[in-house]
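The values are calculated or read from the model by the stated rules, or taken from the named source; none is laboratory data. Given the structure is predicted, the values throughout are model-derived calculations rather than measurements. Using ideal geometry, Cβ is built from the backbone for each residue, glycine included, and neighbour counts are taken over all protein chains shown. Surface areas here come from the heavy atoms of the whole protein model, side chains and all, with no ligands, DNA or RNA. Shrake-Rupley method; radii C 1.70, N 1.55, O 1.52, S 1.80 Å.
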Amino acid sequence: MNYFIPEIVTNVSNFVNSLPTNIASFESNLYKIFDNVGFIDSNDVINAFNTLLEPILNSTKNIPLIISKYFNGTLNFVLSGTYNLASYLINIVLGIVISLYLLAGKEGFISYIKKIFYALFPENKVTPSIYNLRRIDNIFKNFIVGKTIDSTIIGILCFIGLNILNTPFITLISVIVGITNMIPYFGPFIGGIPAVFIVLLTMPSKAIWVAIFILILQQFDGIILGPKILGQSIGISPIWIILSITVGGALMGPLGMFLGVPVFASIKLFFSEAIDKKYEEKFGDKDIENI
């Protein structure tokens, strides 16, 4: 953290400060390219590009003007925003402190919760419930810990590869690729697009090599590294993983895309067991193809 946080802050600051210059340079290069292509009007391409990037340019170039223009009329808003930010930071600190206390005394806390359930409910109901909760816990633990290790390795490999390619903003891009890799299947694409875009604006000659490198890196993760680390801990096929990510993302955004897989795996575990039990009660060991 002592190394990466200042590096990331510096990378982001440098990227934002150099964004107008980089876009102007990129625009000039586009003119040169499309001027050599007879059937494409370079002005049309540049206008379309500027339309897409106008919000970004305005947000970086006009911040001082906006502040000076609306400061007097937005003092209450600033004060309110400062109060809300302070409250948010206090909640984060309290959350961390409470989490540390809970983790430090989790064994005693869990034991007391079990004692309460055994005291209030029949033993034949509580014991299976605790067993099933442990199974759900194992699914989440295997997925989160495995994905964290997997994404950390991918981030480190990305950092090494970008150093070899000598690209700009190496730390920032590596962190983006590593974090987005936590989302199965879609994560590599989500992280690869901004990574290539950053290089495209700052060093266009390296953009295609960065895109190829990230593609190779994510294929290595999907085919070799990911299965080796996660193994069969999730217990669902790729099509169900994609479905769970899609539904989770629609319901809860990025967090849903991440947690959708273990949640769906837990549901599938109990659903499959219930179906198997019902099937055995009706048909015993008879194969489904013989019915």
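Annotation: amide H of Ile183 has no partner in the under-5 Å range at sequence separation 5 or more or interchain, hydrogens built in the peptide plane. Of Glu273, Glu123, the order by accessible heavy-atom surface (1.4 Å probe, DNA, RNA and ligands excluded), from most exposed downward, is Glu123, Glu273. The share of accessible area on the range 177-262 that comes from carbon and sulfur is 81 percent, using a 1.4 angstrom probe. Cross-link candidates for Lys115: which lysines have Cα within less than 23 Å, leaving aside residues fewer than 8 places away along the same chain? By straight Cα distance, Lys115 reaches Lys106, Lys125.
Given a 1.4 Å probe and every protein chain left where it sits, what share in percent of the accessible area of the range 95-138 is carbon and sulfur? Answer for the range 95-138 is 69 percent, counting heavy atoms of protein chains only. Counting heavy atoms of the protein chains alone, Lys114 has an accessible area of about 70 Å² for a 1.4 Å probe. The convex hull of the Cα atoms of the range 83-241, projected and averaged over all directions, covers 14.0 nm².
The alpha-carbon positions of the range 242-291 define a convex hull whose volume is 85 Å³ per residue. Whole-Hz Karplus values for the range 270-281 come out as 6, 5, 4, 5, 5, 5, 4, 5, 5, 5, 5, 5 Hz, taken residue by residue from phi with 6.51 cos²θ - 1.76 cosθ + 1.60 and θ = phi - 60°; glycine and proline positions read x. Under the shape rule built on the C-alpha gyration tensor, where the axes satisfy a ≥ b ≥ c, the range 152-203 is oblate, since a/c reaches at least 1.5 while a/b does not exceed b/c. Rounded to whole numbers, the Karplus 3J(HN,Hα) couplings from phi for the range 179-185 are 5, 5, 5, 5, 8, x, 6 Hz, using 6.51 cos²θ - 1.76 cosθ + 1.60 with θ = phi - 60°, and x at Gly and Pro. Debye-formula intensities of the range 195-291, expressed as log10 I(q)/I(0) at q = 0.15, 0.19 Å⁻¹, are -0.85, -1.03 (one equal scatterer per alpha-carbon, no solvent). Note on the range 102-177: dipole from Cβ charges, positive end direction compared against Ile173, Ile130, Phe140; the farthest Cα belongs to Ile130. If you take all other residues with their beta carbon under 13 Å from the beta carbon of Asp221, and give Lys and Arg +1 and Asp and Glu -1, the sum is +1.
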